[in-house]
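The values are calculated or read from the model by the stated rules, or taken from the named source; none is laboratory data. As the structure is a computational prediction, the values presented were derived from the model and not from experiment. Note that each Cβ is placed from the backbone with ideal geometry, even for glycine, and that neighbours are counted across all protein chains shown. Heavy atoms of the whole protein, side chains included, go into the accessibility calculation; ligands, DNA and RNA do not. Shrake-Rupley method; radii C 1.70, N 1.55, O 1.52, S 1.80 Å.
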Amino acid sequence: MSKSLNRWLQSYRWQLKLLLHLALLSPLAYCVSAVLMQWWGGDPVQQIIHYLANSALNILLLTLCLAPLSRRYKIPALLAFRRLIGLYVFAYACLHLSAYWLFDLALDWSLFVEELVKRPYIWLGMLAFMVLLAMAVTSFKALQQRMGQRWLQLHGFIYPLSLLVVVHFWWSLKSGYLEPLIYAAIFLGLFWPRRKQISRWYKSFAKG
């Protein structure tokens, strides 16, 4: 069964990638519709910012599910979709940051500096965004081959990045912490089977 599914995924890879693009763009389409139809009220700024952040977080979860599913069911062809999905994580993170910068701060640098001082969770968000930026820029095969071991080290930051984003989410809430706790539990559940891999990644920095 796994072999036939693997062959099917390889045979229809481009068609499946097109469907994946449409699926991953659907949260953005819903966001635009919600604003235009006023489903989020007359002042949807905070809803837009949080919705885009949650979309990035959900797609990040999807990215992390591919490798264990591939190993568990012996479907290596699933990994061919990992880069595409990962770039959508970065795209939604860009939209989240842009919405915050444009709609909430009105492109005001002084206000941004004030927010950094008052709200430490923004520092975490910016740090997570910089890691995502580095991973997106180096996601191409040519750079992967040139960087070698350093590429693996850089992209291994997906593990602390995931928890960093959850803490950023948690600190940004004024009340109700159940949702970030659920995300944290899911991430830790995904990391547990990878604990040896994560340990090797951590130790790789000590080797220089």
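Run the helix sum for the chain: -39,500 (n - 2.57) per DSSP H stretch of 4+ residues, divided by residue count, reported at 222 nm to the nearest 500 deg cm²/dmol.
Mean residue ellipticity at 222 nm (helix-derived): -25000 deg cm²/dmol.
According to a simple spin-label model (label point 7 Å from Cα along Cα-to-Cβ), what is the distance in nm between residue 196 and residue 19?
So the two model labels end up 3.4 nm from each other.
If the cut-off is a Cα-Cα distance under 27 Å, which lysines reach residue 74, setting aside same-chain residues fewer than 8 apart in sequence?
3, 17, 141, 196
To the nearest 10 degrees, how steep is helix 158-172 against the longest Cα principal axis of the chain, on a 0 to 90 scale?
20 degrees
So what's the angle, to the nearest 10 degrees on a 0 to 90 scale, between helix 2-11 and the longest Cα principal axis of the chain?
70 degrees
Given the whole protein assembly as supplied and a 1.4 Å probe, what does the accessible area of residue 70 come to in Å², nearest 10?
The accessible area comes out at roughly 10 Å².
Given 122, 93, 50, which one lies farthest toward the positive end of the charge dipole of the chain, if we put +1 on the Cβ of every Lys and Arg and -1 on the Cβ of every Asp and Glu?
So the residue furthest toward the plus end is 93.
Hey, what do the phi angles of the stretch 15-32 turn into as Karplus ³J(HN,Hα) couplings, whole Hz, using 6.51/-1.76/1.60 and θ = phi - 60°, x for Gly and Pro?
5, 5, 5, 4, 4, 5, 4, 5, 5, 6, 7, 4, x, 5, 4, 5, 4, 4
So what does residue 113 come to for accessible area, using a 1.4 Å probe and Å² rounded to 10?
80 Å²
Calculate, for the stretch 158-208, the solvent-accessible area per residue in square angstrom, rolling a 1.4 angstrom probe over the heavy atoms of the protein chains.
Working: 3530 Å² over 51 residues.
Each residue of the stretch 158-208 exposes 69 Å² on average to a 1.4 Å probe.
Only four residue types carry charge here, +1 at the Cβ of Lys and Arg and -1 at the Cβ of Asp and Glu. Report the dipole size of the stretch 1-108 about the Cα centre in Debye, rounded to the nearest 20.
That gives a dipole near 1140 debye.
HN-Hα J couplings of the stretch 127-142 from phi, Karplus 6.51/-1.76/1.60, θ = phi - 60°, integer Hz, Gly and Pro as x?
Coupling constants for the stretch 127-142: 4, 4, 5, 5, 5, 4, 4, 4, 5, 5, 5, 9, 7, 7, 4, 4 Hz.
When we measure straight from the Cα of residue 174, which aspartates and glutamates land under 19 angstrom away, once same-chain ones fewer than 8 places off are left out?
43, 104, 114, 115
Using a basic spin-label model with each label point 7 Å from the Cα along Cα→Cβ, how many nm lie between residue 106 and residue 32?
2.7 nm
Going by accessible area, probe 1.4 Å, with all protein chains left in place, what is the ranking of 196, 203, largest first? Walk me through the intermediate numbers first.
Working: 196 145, 203 120 Å².
Ranked list, largest accessible area first: 196, 203.
What relative contact order, as a whole-number percentage, does the chain give when Cα pairs under 8 Å and 6 or more residues apart are counted?
Normalised by residue count, the contact order of the chain is 18 percent.
Among [x] 26, 21, 17; [y] 34, 20, 16; [z] 31, 23, 17, which one is semi-axes √(5λ) of the Cα gyration tensor in Å computed from these coordinates?
[z]
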